[in-house]
Structure formats: structure tokens, C-alpha cells
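The structure under discussion appears below in the form of C-alpha cells.
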Amino acid sequence: MRQILIVANQTLGGEPLLDAARERIAQGPCEFTLVVPVLLDTGDVIATVGSELPLLGPSTTYESARTEAVHRLVACIQALSGLGATVDGDIGVQNPVEAVGHCLAAKAYDEIIVSTLPTTVSRWLHQDVPHRVQRKYGIPVTTVTARERVTT
């Protein structure tokens with residue numbers, strides 16, 4: 001059975017990530033593990049992206065950021081389970097590359113999916129997180145980018 005690690009926070013539960021999970025499920029048996037890095041000082045983001053939960057602002061404390069991450073984790077576990085997936089997950093350290101390393105210390109994965117905000121606002125893309133993860137750990141990485149929700 002293929003083991004797939006998903007690294008995400010603000011994009012958990014978004015359609016692009018769920019579509020990626022559906023594709024993996026259609027390819028055969030797989031198990032998903034979610035790791036949700038706790039994000040602090042994320043800056044102001046105007047658009048709501050991915051999930052229905054609000055994006056974090058610059059004054060976010062660790063506890064409130066962790067609480068938001070837990071809510072997203074639980075909602076995404078429920079959404080993936082609703083697709084028929086076997087899924088578990090946990091809250092990770094703030095640095096997504098380190099969060100992946102902690103997961104890999106406990107279990108081997110066949111693929112890592114990094115789910116991010118759109119390029120215009122994604123710190124992870126600006127920090128080249130998907131490529132850094134692939135280079136550091138040598139596991140195939142797929143980047144899933146959330147679509148901005150347009151409100152008229």
C-alpha cells in the first residue's frame with residue numbers, strides 16, 4: 001500500500017488538495033498522513049483560499065495558530081475519510097521541511113504532497129519548500145496550489 005504524506009495548513013480541505021487525494025485513491029490502495037505545521041506571523045492575506053476557515057493574520061499567537069491548525073487537521077481528516085481514504089495526522093513544527101523530517105523519522109513514505117497558497121501569497125513557494133523537501137529527502141514531491149476564491 002502506498003504511503004502518502006501531505007504537508008499543508010491553510011489549504012487543508014481545499015478542492016485542489018481533495019482532487020489530488022482522489023487521484024491517488026483512484027490509482028490504488030494508499031494511506032494518507034497529514035502534517036500541519038503551526039504557522040505564526042503569516043502576514044495579511046485578503047482572499048479566503050482553500051478551506052472555509054479564516055486565514056491567519058500577523059498578530060497570531062502560538063496557541064491560536066495551533067488551535068486553527070487542529071481545526072483544519074480534523075476537518076481534512078473527515079473530508080479524506082469521506083472519500084474512503086485511510087488517513088491520520090498530527091500538528092508539526094513551524095518549519096515545513098523540518099515537519100517532513102519528523103514524519104520521515106517515524107515512517108517511510110512513497111510520495112509527499114505539499115499543498116500551498118497561490119504563488120502570489122505563498123511563503124512556502126517563495127522559500128522553495130517543495131524543491132527543498134525533494135532534494136533533502138529524495139522522495140517524489142507533488143505541489144498542489146490552492147485556487148483563490150473570487151468574490152463578486
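Below is a table of values for the structure above.
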item: Test result for Glu63, at pLDDT below 95, over 17 Å from Leu5 (Cα atoms) and crowded, with 19+ Cβ neighbours inside 10 Å; result: no
item: The range 86-114 residues that are assigned to a helix (DSSP H, G or I), paired with ones that are of a type in the set (Lys, Arg) (beta carbon under 9 Å, 6 or more apart); result: Pro96/Arg132; Val97/Arg132; Val97/Lys136; Val100/Lys136; Gly101/Lys136
item: Boolean, Gly92 is farther than 18 Å from Glu31 by Cα, open to solvent by less than 80 Å² (accessible area, probe 1.4 Å) and at pLDDT below 90; result: no
item: Counted residues, the range 132-152 - those being in a loop (DSSP other than H, G, I, E, B) and modelled with pLDDT under 95; result: 6
item: Among (1) open to solvent by less than 20 Å² (accessible area, probe 1.4 Å); (2) over 19 Å from Gln134 (Cβ atoms); (3) modelled with pLDDT of 95 or more - the single one Ile25 does not satisfy; result: (1)
item: Check on Leu40, within 16 Å of the chain's Cα centre (by Cα), on the phi < 0 side of the Ramachandran plot, assigned to a loop (DSSP other than H, G, I, E, B) and modelled with pLDDT under 55; result: no
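The values are calculated or read from the model by the stated rules, or taken from the named source; none is laboratory data. In this text, all values refer to a predicted model and were calculated from it rather than measured experimentally. Backbone-built Cβ (ideal geometry, glycine too); neighbour counts: all protein chains shown. Only protein heavy atoms, including side chains, enter the accessible area calculation; ligands, DNA and RNA are left aside. Shrake-Rupley method; radii C 1.70, N 1.55, O 1.52, S 1.80 Å.
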